[in-house]
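Where a number appears in this text, it was derived from the coordinates with a stated rule and is not lab data. Worth saying up front: this structure is predicted, and the values here are computed from it rather than measured. Here the Cβ positions follow ideal geometry from the backbone for every residue, glycine too, while neighbour counts run over all protein chains shown.
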Amino acid sequence: MVAIMTGIRVLEVASWTYVPVASGVLAEWGADVVKIEHPATGDPQRGLVTSGLVPEGAVAHMVELPNRGKRSVGLDLKSAQGREVLLRLAARSDVFLTNVLPAARRALGIDVADIRAVNPDIVYARGSAHGPRGAEADAGGYDSTSFWARSGAADTASTPELDHPLSQPGAAFGDVLSGLTLAGGISAALLHRERTGEALTVDGSLLSTGAWAVGATLAAAAAHGVERMPRYAPADAPNALVNSYRTSDGRHVSLVMLQSDRFWPELTAALGAPELATDPRFADHAARRTHFREATAVIADLFSRRTFREAQDLLAAGRGAWAPVAHPREVLTDPQVLANGYLRDVTDSAGRPFQLVPAPLQFNEEPGDTRRAPDHGEHTDEVLAELGLSTEEVLELKIAGAVL
């Protein structure tokens with residue numbers, strides 16, 4: 001692999017998923033990431049095992065996902081000795097990354113001015129729920145609230161027949177997108193520093209990434225002055241070839257054949273109803289737009305007579321864009337996913353095998369180096385030795401409770 005971040009040192013004081021994902025991506029790209037965790041409690045994400053959200057004895061996948069490839073140091077930042085160690089680590093780092101809230105950063109003495117006092121050249125990166133300014137700059141949040149609900153994404157994705165908004169698509173959906181975005185911002189700041197010598201402060205937020213993700217919808221709402229964008233149930237699709245259809249065995253396929261005049265004859269013939277190409281109701285896009293419910297109904301009926309496998313086979317023989325609506329486990333064996341290295345085999349610290357999706361960017365057609373997450377405080381002694389602390393000094397810090 002091309003380790004594009006080799007030689008870059010990242011110091012992370014962050015927890016949960018969003019911001020740790022950013023440094024997990026940088027670690028996968030070759031950076032040396034040191035994750036600071038409280039000596040007693042560690043990242044609260046580790047508590048998902050004891051809370052029952054991850055089965056006892058199973059791979060802690062929600063720890064592995066954002067913390068891949070890092071080194072963990074147990075450090076009490078509220079102690080003078082622990083903060084001194086942190087500043088020594090910051091002095092030799094290229095990036096300081098945090099999601100600690102502003103008031104807590106000031107109380108701990110790890111705000112921008114504090115870190116830049118020991119390293120004026122460090123890129124200081126912050127990830128927040130709502131951004132660094134405004135009345136809610138000091139308020140926390142999660143991706144299901146700040147990214148999904150508040151950005152308008154939940155409302156946009158929810159169809160009219162539902163009497164409730166859709167939940168976001170699975171755990172950490174907004175976190176991983178926002179973390180990848182923040183990693184890109186850090187990378188750009190490092191390039192800027194290399195070219196100009198200026199060290200930047202980088203800010204990302206769940207709300208900003210959510211708004212970016214639904215940017216086309218927000219732009220349309222602004223342009224047309226509407227409260228909500230038009231939404232429709234599958235039966236009311238304005239273009240019958242941009243829709244999802246149920247098969248006889250209860251599965252679905254998704255079509256995005258925007259040029260309906262090009263694809264309508266081909267698809268209807270493949271579905272065994274070539275006469276629909278000359279039916280006056282469906283003769284061209286304008287006619288199908290007038291009779292959109294009827295067009296959707298006939299296509300739905302034709303798919304309902306075929307199994308999921310049969311539908312995939314006939315669609316694969318055509319030219320239009322389509323995809324099976326896959327179950328997550330099916331993605332693990334998708335030939336295209338496997339051919340491109342979009343899934344990596346990893347072993348956790350207990351020797352249990354599992355799989356992770358690597359960062360979705362490749363360099364020279366190779367995925368990054370996806371490695372397991374560290375155990376809590378696993379690298380404390382190793383990192384402190386790199387700072388030049390003797391065994392006796394490390395032992396004194398352990399006795400004082402400043403390090404793990």
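The table below lists the values:
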{"quantity": "Ranked by how many other beta carbons lie within 10 Å on average, peptides 255-268, 61-74, 161-174 from highest", "calculated": "61-74, 255-268, 161-174"}
{"quantity": "Whole-Å distance, taken between Cα centres, linking region 359-404 and region 224-262", "calculated": "49 Å"}
{"quantity": "Amide hydrogen neighbours beyond the local backbone of ASP203, cut-off 5 Å, H modeled", "calculated": "ARG126"}
{"quantity": "Most positive-pole-ward Cα, GLY57, LEU207, LEU182, against dipole of the chain from beta carbon charges", "calculated": "LEU207"}
{"quantity": "Relative contact order for the chain, counting Cα pairs under 8 Å that sit 6 or more residues apart, in percent", "calculated": "20 percent"}
{"quantity": "Separation of alpha-carbon centers, region 181-221 and region 107-127, rounded to whole Å", "calculated": "19 Å"}
{"quantity": "Point-charge dipole on Cβ atoms (K/R +1, D/E -1) for the chain, about Cα centre, debye to 20", "calculated": "620 debye"}
{"quantity": "Region 37-152: translational diffusion in µm²/s, Stokes-Einstein, Kirkwood Rh over Cα pairs, 4 °C, 1.567 mPa s", "calculated": "80 µm²/s"}
{"quantity": "Value of Rg to Rh for the chain (Rh from inverse mean 1/r over Cα pairs, i.e. Kirkwood)", "calculated": "1.06"}
{"quantity": "Convex hull per residue volume in Å³, alpha carbons only, for region 234-329", "calculated": "85 Å³"}
{"quantity": "Among 77-90, 305-318, the order from most to least packed when residues are scored by Cβ within 10 Å on average", "calculated": "77-90, 305-318"}
{"quantity": "Counted charge near PRO367, where neighbours are those whose Cβ lies closer than 11 Å (Asp, Glu -1; Lys, Arg +1)", "calculated": "-3"}
{"quantity": "Computed log₁₀ I(q)/I(0) - Debye formula, equal Cα scatterers, no solvent, region 114-186, q 0.14, 0.24, 0.26 Å⁻¹", "calculated": "-0.58, -1.12, -1.19"}
{"quantity": "For region 325-337, Karplus couplings with θ = phi - 60° (6.51, -1.76, 1.60), whole Hz, Gly/Pro x", "calculated": "7, 7, 7, x, 5, 5, 4, 5, 10, 4, x, 6, 4"}
{"quantity": "Nearest-0.05 FRET efficiency for VAL226 and ALA273, computed from C-beta distance (R0 35 Å)", "calculated": "0.40"}
{"quantity": "Relative contact order for region 234-329, counting Cα pairs under 8 Å that sit 6 or more residues apart, in percent", "calculated": "40 percent"}
{"quantity": "Cα-based Kirkwood hydrodynamic radius, region 222-263, one decimal, Å", "calculated": "12.4 Å"}
{"quantity": "Region 55-123 - percent relative contact order, Cα under 8 Å, separation 6 or more", "calculated": "30 percent"}
{"quantity": "Local electrostatic count at GLY24 - Lys and Arg +1, Asp and Glu -1, tallied over other residues with Cβ under 14 Å", "calculated": "0"}
{"quantity": "Computed helical MRE - 222 nm, the chain, DSSP H runs ≥ 4 contributing -39500 (n - 2.57), nearest 500", "calculated": "-11000 deg cm²/dmol"}
{"quantity": "Amide H within-cut-off set for ARG371, under 5 Å, with H built and near neighbours excluded", "calculated": "GLY69"}
